[in-house]
Every structure is written in C-alpha cells, then in structure tokens.
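Just below is one structure, and these are the notes that go with it.
Coordinate-derived values only; no laboratory data. If you're wondering where the values come from, they're calculated on a predicted model, not measured in any experiment.
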Amino acid sequence: MVEHVVMWRLKEENRDKNRSRMLELLHSLKENVDVVCELRVGTDFNRSSAAFDVCLIVTLDTPGDIEVYQKHPYHQMVGEFVKDIVTERAIVDFEY
C-alpha cells in the first residue's frame, strides 16, 4: 500500500469560500479516480505558524498508481483549481 500525503497553505483572498470548494473537490476524487482506495481530507484546527491549512491523504495499492492518479484528467482539473488558491504545498509519498 502507498500513502500520498499533500498539505497546502491557502491564500488569504476568498479563503473561506475557496477552502469549502477545495474540500468538496478533494472529497470527490475518491468517486472519480478509480485507483484511489481510500481518501481522507481535513483542515487544521491548531493554527500554529508551522501548520498547513488543508491536508489530503490518499491510499493507493502500488507506487505506480501515484502516476496514474496524478495523470487522471479529473485529478488534473482539481489541481488547476487548487494551484490558483494556495501559496505553498508539501508532499510525502511512502509505501508500507
């Protein structure tokens, strides 16, 4: 199994509206990208200066599924929206 973890910091402009839409789109990846086994999305409640605003954890079967996931047209559409509303992104992919 593989975990694909992504965290973002959001731009201040239209922050609440964009966060709501982002969460909606991220949740919809499970139903629209067939290699996704499990998906969890959450927002930070700690508000530490080191914290990110939104976190996505996607479980996939194999490391090769990450490439399939990233190239999927639905994922790319979601990514285009997200790119416009964030200031920073961090990613970790690991196998267990």
Item to check | Amide H partners (placed H, <5 Å) of D53, local residues excluded | outcome: W8, R9, L10
Checklist outcome for this item: For region 52-96, shape from the Cα gyration tensor axes a ≥ b ≥ c, cut at a/c of 1.5 then a/b versus b/c, turns out oblate
Item to check | Table column - 3J(HN,Hα) (Hz), region 71-76, Karplus curve with 6.51, -1.76, 1.60, x for Gly and Pro | outcome: 8, 4, x, 5, 4, 5
